[in-house]
Amino acid sequence: MQSNRRLTLNNINQQPQKRLCKGKVVSEEYVEGNFLGLPENGGEVDVAILQLPYELTTSYGQGTAGGPAACIISSAQVELFDASLGEDLPAGAALFTAPEWDGEGNSLAEQLDNISGYLKPWYAGDCLPLILGGEHGILPPLLNAAKHHPLVDGNMQRLTVVQIDAHADLREQLDGEKYSHACAASRSLDLGIGQLVQIGIRAYSKQEANYIEKDERVTTFFARDTQSPSTGESAWRSCLDTLENLTGPIHLTIDIDGLDGSLVPATGTPVPGGLSFWQATEVIEAVFSAPNSTVISVDVNEIVAQEDTPLTQFTAAMVATKAIAMHLKARKEGRWEAVAKQAGRIRMPQISDYFRQQKSSESREDTA
Ligand SMILES: [Mn+2]
């Protein structure tokens with residue numbers, strides 16, 4: 001039977017949060033409740049941080065409903081400097097941490113519809129929605145919202161989902177529930193997405209193995225191959241090559257359990273033998289810098305607050321920060337303006353001094 005614990009935040013009480021928060025806060029103008037503690041400018045939004053504390057079907061661990069809030073608290077201690085971006089976040093961009101999803105809906109179907117409704121306004125094409133979950137069951141309603149992005153334009157066939165995960169999530173149902181987190185990928189394929197690339201997969205059933213074998217839309221990089229001490233290097237290279245060659249809009253879904261269990265011990269189902277932090281970083285860098293594709297949104301899910309140490313939520317915050325930095329790098333390199341133009345919402349991002357200097361030195365080189 002399904003437990004009904006999706007809306008309770010009881011695994012997160014204020015005390016442990018305060019305790020976890022006592023470390024150094026990085027942002028000088030720290031604002032409580034905002035991702036990275038960064039203040040908002042009240043203007044148009046370049047990156048929206050959206051919290052989905054949704055938990056209905058998590059099978060083993062509990063507490064994903066409190067994950068997003070814990071991740072936001074932990075993010076206050078993430079360094080704002082990203083070396084590949086070359087400056088401190090927010091780098092002239094406007095980050096907005098939206099009020100969390102309120103969990104409205106009397107049935108699972110209503111809740112899932114409600115999630116789509118919560119996310120949809122952020123898919124107009126002029127900002128990057130970065131979603132913190134919540135269990136992986138958020139993926140299908142998220143993709144229903146992504147359908148409205150101008151680069152997808154109602155044609156799901158155009159969309160590629162890149163999934164970091166320990167689990168294939170390709171079950172037909174789990175305990176009778178079609179919308180279980182364990183079915184997130186199969187429901188996404190049901191929605192008609194063009195391609196699914198899975199990375200870090202190491203826990204899956206025979207039926208899922210058959211699915212991977214049969215459905216040509218699915219490309220799976222098994223952890224057994226990419227993490228192999230003897231042959232992992234070439235398997236990893238071929239994974240990155242695949243990502244760099246993607247075309248069209250991409251949604252990146254990061255089930256935090258795709259990383260090695262040692263990095264995320266509090267997640268619902270931690271599994272050994274997963275991706276290192278730097279491999280997760282390389283995946284993010286690869287999809288955001290792929291020349292013929294655009295990452296239209298990212299989710300980091302299955303975050304659970306760890307109470308003895310903030311490692312799990314901090315790892316999630318680091319991964320989410322990397323995605324934001326790479327998105328801003330895409331803006332910096334002019335790759336996001338094209339998207340905004342296609343969306344008919346041409347809005348030049350605020351360019352910080354750093355970018356201006358880069359641009360002027362480039363134009364000097366051009367005229368030299
Ligand atoms: Mn998953």
Note to self: Looking only at region 48-367, where both bridge partners belong to it, what percent of the DSSP beta bridges are antiparallel (to the nearest 5)?
What the structure shows: 10
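By its C-alpha gyration tensor, with a ≥ b ≥ c as the square roots of the eigenvalues, how is region 244-295 shaped: rounded for a/c under 1.5, else prolate for a/b larger than b/c, else oblate?
It comes out prolate by the Cα gyration axes.
Working out 0.36 nm times the residue gap between residue 172 and residue 233, then minus their Cα-Cα distance, what length gain in nm do you get to one decimal? Show your work: numbers first, answer last.
Values: separation 61, 0.36 × 61 = 21.96 nm, distance 3.28 nm.
Once the chain is fully extended between residue 172 and residue 233, it gains 18.7 nm.
Give me the number: length gained by fully extending residue 31 to residue 247, i.e. 0.36 nm times residue separation minus the C-alpha to C-alpha distance, one decimal in nm. Don't skip to the end; give the middle numbers.
Working: separation 216, 0.36 × 216 = 77.76 nm, distance 3.79 nm.
Additional length available on full extension: 74.0 nm.
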Next item on the list: Pop a pseudo-label 7 angstrom from the Cα along the beta-carbon direction at both residue 333 and residue 206 and give the gap in nm to one decimal.
Entry: 4.5
Item checked: Whole-percent pair-distance distribution, where bins are 10 Å wide, for the alpha carbons of region 48-367 -> 6, 28, 37, 22, 6, 1, 0
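If you count, for each residue, the other Cβ atoms within 10 Å and average over each peptide, how do 160-169, 193-202 line up from highest to lowest? All intermediate terms of the calculation are to be shown ahead of the outcome.
Working: 160-169: 26.6, 193-202: 23.4.
The peptides rank, most packed first, as 160-169, 193-202.
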Item checked: Length-normalised contact order for region 213-287 - Cα pairs under 8 Å, 6+ apart - percent -> 28
Checklist line | Mean projected area in nm² (Cα convex hull; one quarter of hull surface) for region 147-200 | finding: 3.8
Item checked: Approximate spin-label separation residue 106-residue 40, in nm, with each point projected 7 Å along Cα-to-Cβ -> 3.1
Note to self: What does the charge count around residue 146 come to, taking other residues whose C-beta lies under 13 Å from its C-beta (Lys +1, Arg +1, Asp -1, Glu -1)?
What the structure shows: +1
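Values quoted throughout were computed directly from the atomic coordinates according to the rules given, and no laboratory measurement underlies them. Just so you know, these numbers come straight off a predicted model, no measurement behind them. Counting neighbours? That spans all protein chains shown, and the Cβs are built from the backbone with ideal geometry, glycine included.
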